[in-house]
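Structure first, commentary second.
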Amino acid sequence: MTSLEVVALTYDVQEKHLRRVQVGTMVEILAPGVVEVEFAGMDGNPYAICAIPESSLMFLHHMPDAIEA
């Protein structure tokens, strides 16, 4: 796990108006098992930043592991 990984929520975050499967970018590791995720629009402007338990995120991959190496 590294910063700038693309992730998706596995649950709604009501107070931030985020829905399950909303896509964001992990920007910082805050504590063991907790990361800060930034959610931005197609224009790149962020609309939400929040701490999310790593266990509540799905890490998204654009290429198979064999090609990334």
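Computed from the coordinates by the stated procedures, all read-outs in this text should not be read as laboratory data. Here the structure is a predicted model, which means the values were calculated and not measured. Quick reminder, even Gly has a Cβ in these numbers, built from the backbone with ideal geometry, and neighbours come from all protein chains shown.
Residues of segment 20-44 with the amide nitrogen closer than 15 Å to a label point 7 Å from the Cα of GLU5, along Cα-to-Cβ, please. From segment 20-44, the list is 24-38. Each of SER56, SER3 was scored by other Cβ atoms within 10 Å of its Cβ. Arranged with the fewest first, they read SER3, SER56. Is the shape of segment 1-51 rounded, prolate or oblate, going by the alpha carbon gyration tensor and its root eigenvalues a ≥ b ≥ c, with a/c under 1.5 for rounded and a/b larger than b/c for prolate? In terms of gyration-tensor shape, oblate. Estimated from helical segments only, the mean residue ellipticity of the chain at 222 nm is -1000 deg cm²/dmol, where each DSSP H run of four or more residues counts as -39500 (n - 2.57).
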